[in-house]
Amino acid sequence: MSRPAHRNPPYLVVPLLGLLLCWGAGRSSSPDIRFSGYLSNLLVRESFASGFGQLTGRSSSLWLNLSRLRLRPRLEVSAALWFQLEYELDALYLNHPALFLPVPQKTRRQLVRAIWSPVRENRFQLTHFVDRAFLRVEGLSYRLTVGRQRIAWGSGRIWNPTDLFNPLNPAAFDRIERDGADLISLKWYHGPFSDLEVVFQPQKHFDKASAALRYHTHFGQYDVALMSGLFERRWVLGGDFAGNLGQAGVRGEWLLATASGGAAHPFLKWILGIDHQLNPKLYGLLELHYNGEGRRSPAEYQLDRLLRGEILNLNRWYLFARLAYQLHPLLAVNFNWNANLVDGSGFLNSGLQLSATANLDLTLAVQATYGDPLEEYWYYPTALFFQLIRYF
């Protein structure tokens, strides 16, 4: 039986207001409306470890189909003023009734709830949401963005300790974009290689708001950055670098968080990575991650925080390795390994990606998890999935 849609205030007034502002400002200059997007279909066969079904009360195997329609209208008043909207409609179907389908909610970095689920059955869920909705103004030395947006901080390819506004779990293979955050961001440019960015994320209760700044510059062959801010009443200080070491690319990133805001302990996170185009067709990457916020043993794992999206990993030490090989200009294969170096669990995945046409991509991939009961990646399924993405 379908559940009634949750009634919410009309938060679509936010993107509509942006469109009206742009239109009003550019009535005399003939605004240009551009439109793009994609249609994606992901078919997945999941198998959970023995004993997982007994622990959670769900089937140990599952077929699911996730279809996404993402629309990206953009209203350009001029080269210096535009409004961007990204709206997505998702349809999720499962072949077995799910014991628990999560209720779509706004993320911790979103002030307004712009997500709705008009259909929620035990095997089918239809959800639509506004993932980007921002007004941007650019000048010769600045860029001001107001609304739901993406802030891309850090240099890591797999983990980004300093990317506290739009984090993404490396094990989440079903995500294409990172969730947008409701922010006000202002960037000042100091020459071609330096800039200062200030970001404010409001909350209903002001004491829970977040704010940060990041200074980015260039020394020799290296890009370097330093950031600091207040996130959920916890002060943080971090930085990153990226450059070349011989023929290879190297990067690092770190974050130190205090014990303020009621947090029990301070922590340090960092990554070190190296990648190299080994030959014209073969690419390799290694990235080591220390997660000081994690726990040392499975008995201490904070699964509740992981499910709420407050943390991305449960333990302390991780290693990620990738090899990608171009079989043909339109066909590539990749192999990835992510290991929890403390509890011994991890996952391996491999994918074959075909660019069938200029705007059609096909991917066939498998992800195999391993680990003893209650270790981190024991909770994740082994999955076979096929994805089709049609851009327009």
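Descriptive notes on the structure:
- Residue within segment 135-146 that is in contact with a helix residue (DSSP H, G or I) (Cβ under 9 Å, 6 or more places away or on another chain), modelled with pLDDT of 90 or more and of a type in the set (A, V, I, L, M) present: yes
- Close pairs (8 angstrom Cβ cut-off, 6 or more residues apart or separate chains): free of Cβ contacts under 8 Å to residues at least 60 places away in the same chain and farther than 8 Å from TYR87 by Cβ in segment 123-135, assigned to a strand (DSSP E or B) and aromatic (Phe, Trp, Tyr) anywhere: ARG123/TYR93; PHE124/TYR93; THR127/TRP116
- Contacts under 7 angstrom Cβ, first residue in segment 43-66 being among the basic types (Lys, Arg), partner at pLDDT below 90 and loosely packed, with under 14 Cβ neighbours inside 10 Å, 6 or more apart: ARG58/LEU99
- Top-ranked residue of segment 22-53 - restricted to ones that are surrounded by 12 or more Cβ atoms within 10 Å (Cβ to Cβ) and charged (D, E, K, R), ranked as modelled with the highest pLDDT: ARG45
- Of the residues making up segment 113-135, those that are crowded, with 17+ Cβ neighbours inside 10 Å and among the β-branched types (Val, Ile, Thr) are ILE115, THR127, VAL130.
- When we screen PRO161, PRO192 for residues that are crowded, with 18+ Cβ neighbours inside 10 Å and assigned to a loop (DSSP other than H, G, I, E, B), the only hit is PRO161.
- Restricting attention to segment 80-95, the residues that are free of Cβ contacts under 8 Å to residues at least 40 places away in the same chain and either surrounded by 17 or more Cβ atoms within 10 Å (Cβ to Cβ) or not hydroxyl-bearing (Ser, Thr, Tyr) (or both) add up to 6.
Quick grid of which residues meet (1) surrounded by fewer than 16 Cβ atoms within 10 Å (Cβ to Cβ); (2) over 18 Å from GLN201 (Cα atoms); (3) among the small types (Gly, Ala, Ser); (4) at pLDDT 95 or above:
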residue	(1), (2), (3), (4)
PHE231	no, no, no, no
ASP240	no, yes, no, yes
GLY252	no, yes, yes, yes
LEU256	no, yes, no, yes
ALA259	yes, yes, yes, no
GLY262	yes, yes, yes, no
HIS265	yes, yes, no, no
LYS269	no, yes, no, yes
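- When ARG390, ARG322, ARG295, ARG305 are checked against the criterion of being farther than 26 Å from ARG70 by Cα, at pLDDT 95 or above and of a type in the set (Lys, Arg), ARG322 stands alone in meeting it.
- Members of segment 305-341 found to be of a type in the set (Phe, Trp, Tyr), under 23 Å from the mean Cα position of the chain (by Cα) and more than 18 Å from HIS289 (Cα to Cα), listed by number: PHE335
- Any hit, segment 350-363, residues being of a type in the set (D, E, K, R) and under 30 Å from ARG108 (Cα atoms): no
- Among the numbered conditions (1) under 30 Å from GLY371 (Cα atoms); (2) surrounded by fewer than 16 Cβ atoms within 10 Å (Cβ to Cβ), the only one that ASN315 does not meet is (2).
The values are calculated or read from the model by the stated rules, or taken from the named source; none is laboratory data. Just so you know, these numbers come straight off a predicted model, no measurement behind them. Reconstructed Cβ throughout: ideal geometry from the backbone, glycine too, with neighbour counts over all protein chains shown.
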